[in-house]
1. In this model, which of LYS29/LYS54; LYS29/LYS62; LYS40/LYS62 are farther than 18 Å apart at the alpha-carbon?
2. How large is ³J(HN,Hα) for each residue in the range 87-96, as worked out from phi by the Karplus curve 6.51 cos²θ - 1.76 cosθ + 1.60 (θ = phi - 60°), to whole Hz, x for Gly and Pro?
Amino acid sequence: MTNKMWGGRFQSGPDAIMEEINASIGFDKRLFRQDISGSKAHASMLAKQGIISKSDAAEIRKGLVQVQGEIEAGTFTFSRALEDIHLNVESRLKDIIGPAAGRLGAVGDGFFRPEKNSKYLLRKRAGLLLRKDAPSWWPNTLRMGVTL
């Protein structure tokens, strides 16, 4: 039996301890908006460069809108086995649109995605902090350990 996530490269899945230390979905599921936004931009770039068709890009974007709606509605089921938000979103996208979802991964999109999502979120939050019109609930100073 092969491990589906690793594409059949290994005969079995990772040890339980590796799954425990690798899975970040408990934290980074909060980054779904950043991940989906980045995936939409990536699909657009791939289409603009002629790497994927415009119809595939449109199908990918439409599927991502559905995934985001499911997450926002609380009907999305996150899988710890898929480790992070990008793999969870990508897996659901494949369920929705089929093989076209695999073309989103062209040119190595997902490898550093969780790190990029975190930076994107922190930049947005820091930018909000520095704005004069920041909401009243937003803290006036940066503090360590702020919950995202």
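1. On the way: LYS29/LYS54 29 Å; LYS29/LYS62 20 Å; LYS40/LYS62 9 Å.
Result: LYS29/LYS54; LYS29/LYS62 exceed 18 Å.
2. For the range 87-96, the Karplus-derived couplings read 5, 5, 5, 4, 5, 5, 4, 5, 4, 7 Hz, x marking Gly and Pro.
Computed from the coordinates by the stated procedures, all read-outs in this text should not be read as laboratory data. As the structure is a prediction and not an experimental result, all values here were calculated from the model.
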